[in-house]
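Asker: Here it is: the structure, laid out below.
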Amino acid sequence: MLRIKRVPTIVSNFQKEEVDEGGARHGGGCGRNCLNTCCIHGAKLPLYAFEKVNKLACKKGHDHENTDPPVPFLDSLLLGEWEDRMQRGLFRYDVTACETKVIPGDYGFIAQLNEGRHLKKRPTEFRVDKVLQPFDTAKFNFTKVGQEELLFQFEASEDNEVQFFPDAPIDVENSPSVVAINVSPIEYGHVLLIPWVLDCLPQRIDSESFLLALHMAAEAGNPYFRLGYNSLGAFATINHLHFQAYYLAVPFPIEKADTKKIAKLCGEVTVSELLNYPVRGLVFEGGNTVRELSNAVSDACICLQENNIPYNVLIADSGKRIFLLPQCYAEKQALGEVSSELLDTQVNPAVWEISGHMVLKRKKDYEEASEENAWRLLAEVSLSEERFEEVKALIFEALENGLIAQNSIKESSSSQSLEKATDSTKKRTRPSLMCGKQECLVLQ
């Protein structure tokens, strides 16, 4: 098991919207030492430059049950910086004091009593019925956090070798991707990966941002470190592009669920369907390259976004397995279709809850936690069987249409410039769904 020394957290007010009188911090500007132009110039932050691996398979999988995982440098850096912020009192509550237990049963749902999170977590500031919404500078976003909450920059290495610079300038003209603490943590080491933070991108996945998240999972190389994504309408609370990640030294129930292969994309990416799990979803894995796997998943996410279907994503097994989980709980809430019993729990089922880590806000719910109760909540999250089949059809159509468009571009490359044609597919290479043939999908 992963053994981590836990130390008490000193709860602070560092993320108040207002600065207390006389409470301005060092760094000049607005006094908050934030990431906006008033404070960012001349700022420095450690830089972790990762190797852009081509194959996830080159990093061997890990057996959760038998041996401890290795501890790569990224793990040491992340945990060391996170503990430093914990000692400095940058969190809203002490997550290390939260009670946690594995619920008896076949699935091993994990329950955590986190009474502080719903009281101190930032409230949602946007509509929950629209998956795609424009970025709003007037609302909270990550350029407003203090620089002390940032742990390090996370960028691809220019010479394709892992490098670390402990005091690298923040390049304002070339917006960096950063890793920051989640000040309302769910678990130990809870962080945010914020792609190109200064570009102020809304919460929507594209091919390059998802590829960055996969690289972080692969670079960590630790099966206990998972990344998650919540779309708007699926309990994302900030409309500024970000992924979450944390350590939990037990397998999530969703990782142990049975699956059935339903399709194969050329490039060895396989698509499976979850079986005997309360939330219906798809599992993507394999691929000859990291980008092939990333593109398949990001294309599916883009399809859901464009069809206004809320969804969650779990990146597991060091980036080698991705769970895509469309959901409808917020919609049911709005329509009055969720029982008062479930509403009273105040649980908002986002990616971690759907994966089986139930973050409970009331001691009563924690003490009475059971597999039956967890299943009852998650069943309300899931699309109906009929709706799920419709969504699957949309996803596979999008994957097929994407390939046809890319093949058309390739065919035209011998006779004309691709400058304009590739603008919409910049920096990406779509996976062939059926090598050497016109068919785009092998359904199984």
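The values are calculated or read from the model by the stated rules, or taken from the named source; none is laboratory data. Source: prediction; values computed, not measured. Because the Cβ atoms are built from the backbone with ideal geometry, glycine has one as well, and the counts that use them run over all protein chains shown. Just so you know, the surface numbers come from the protein's heavy atoms only, side chains and all, with ligands and any DNA or RNA stripped out. Shrake-Rupley method; radii C 1.70, N 1.55, O 1.52, S 1.80 Å.
Asker: Suppose the filter is over 29 Å from CYS328 (Cβ atoms), open to solvent by 10 Å² or more (accessible area, probe 1.4 Å) and either among the small types (Gly, Ala, Ser) or within 15 Å of the chain's Cα centre (by Cα) (or both); does ALA156 pass it?
Answerer: yes
Asker: Scan the range 331-372 for residues that are under 19 Å from ASP106 (Cα atoms), of a type in the set (A, V, I, L, M, F, W, C) and open to solvent by 20 Å² or more (accessible area, probe 1.4 Å) and jot them down.
Answerer: Answer for the range 331-372, where residues must be under 19 Å from ASP106 (Cα atoms), of a type in the set (A, V, I, L, M, F, W, C) and open to solvent by 20 Å² or more (accessible area, probe 1.4 Å): just ALA369.
Asker: How about the range 243-281: which of its residues are more than 22 Å from the chain's Cα centre (by Cα) and assigned to a strand (DSSP E or B)?
Answerer: ASP258, LYS260, LYS261, ILE262, ALA263, LYS264, LEU265, LEU275
Asker: Only one of these conditions is not met by ASN308: (1) crowded, with 23+ Cβ neighbours inside 10 Å; (2) on the phi > 0 side of the Ramachandran plot. Which number is it?
Answerer: (1)
Every residue, every condition in (1) among the acidic types (Asp, Glu); (2) over 20 Å from GLN333 (Cβ atoms); (3) free of Cβ contacts under 8 Å to residues at least 24 places away in the same chain, yes or no:
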residue: ILE354; (1), (2), (3): no, no, no
residue: MET358; (1), (2), (3): no, no, no
residue: LYS364; (1), (2), (3): no, yes, yes
residue: GLU367; (1), (2), (3): yes, yes, yes
residue: GLU380; (1), (2), (3): yes, no, no
residue: GLU390; (1), (2), (3): yes, yes, yes
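Asker: Kindly check whether there is at least one residue in the range 124-140 that is modelled with pLDDT of 95 or more, surrounded by fewer than 19 Cβ atoms within 10 Å (Cβ to Cβ), over 30 Å from GLU371 (Cβ atoms) and among the aliphatic types (A, V, I, L, M).
Answerer: yes
Asker: Continuing with the same structure: Of (1) of a type outside the set (Phe, Trp, Tyr); (2) within 14 Å of TYR188 (Cβ to Cβ); (3) modelled with pLDDT of 50 or more; (4) open to solvent by 70 Å² or more (accessible area, probe 1.4 Å), ASP68 satisfies all except one. Which?
Answerer: Here ASP68 clears every test but (2).
Asker: While we're on this one: Just one of (1) of a type outside the set (Phe, Trp, Tyr); (2) surrounded by 24 or more Cβ atoms within 10 Å (Cβ to Cβ); (3) over 30 Å from LEU360 (Cβ atoms) trips up LYS260, so point out which.
Answerer: In the conditions (1) of a type outside the set (Phe, Trp, Tyr); (2) surrounded by 24 or more Cβ atoms within 10 Å (Cβ to Cβ); (3) over 30 Å from LEU360 (Cβ atoms), LYS260 misses (2) alone.
Asker: With the checklist (1) open to solvent by less than 50 Å² (accessible area, probe 1.4 Å); (2) modelled with pLDDT under 95; (3) closer than 23 Å to ALA217 by Cβ in hand, flag the one item GLN163 doesn't pass.
Answerer: (1)
Asker: Can you pull out every residue in the range 82-98 that is assigned to a loop (DSSP other than H, G, I, E, B) and closer than 18 Å to ASN114 by Cβ?
Answerer: LEU90, PHE91, ARG92, TYR93, ASP94, CYS98
Asker: Only one of (1) out of contact with any Leu (no Cβ under 9 Å at 6 or more places or on another chain); (2) farther than 30 Å from HIS215 by Cβ is not met by TYR366, so which one is it?
Answerer: If we test TYR366 against (1) out of contact with any Leu (no Cβ under 9 Å at 6 or more places or on another chain); (2) farther than 30 Å from HIS215 by Cβ, just (1) comes out false.
Asker: Taking the conditions exactly as written (open to solvent by 70 Å² or more (accessible area, probe 1.4 Å) and at pLDDT below 60), does GLY22 satisfy them or not?
Answerer: Considered against the rule, which asks whether it is open to solvent by 70 Å² or more (accessible area, probe 1.4 Å) and at pLDDT below 60, GLY22 comes out as yes.
Asker: Six or more apart or on different chains, Cβ atoms under 8 Å: show the pairs whose first residue is in the range 295-314 and closer than 15 Å to VAL283 by Cβ and whose second is buried (at least 24 other Cβ atoms within 10 Å of the Cβ) and among the charged types (D, E, K, R).
Answerer: LEU314/ARG226
Asker: Could you please find all residues in the range 167-208 being of a type in the set (S, T, N, Q) and in a helix (DSSP H, G or I)?
Answerer: Hit for the range 167-208 is SER207, nothing else.
Asker: If we keep just the residues of the range 209-229 that are open to solvent by 10 Å² or more (accessible area, probe 1.4 Å) and not in a loop (DSSP other than H, G, I, E, B), which is farthest from ILE194 (Cα to Cα)?
Answerer: GLU219
Asker: Across the range 231-249, what is the number of residues that are open to solvent by 10 Å² or more (accessible area, probe 1.4 Å) and within 15 Å of ILE315 (Cα to Cα)?
Answerer: 3
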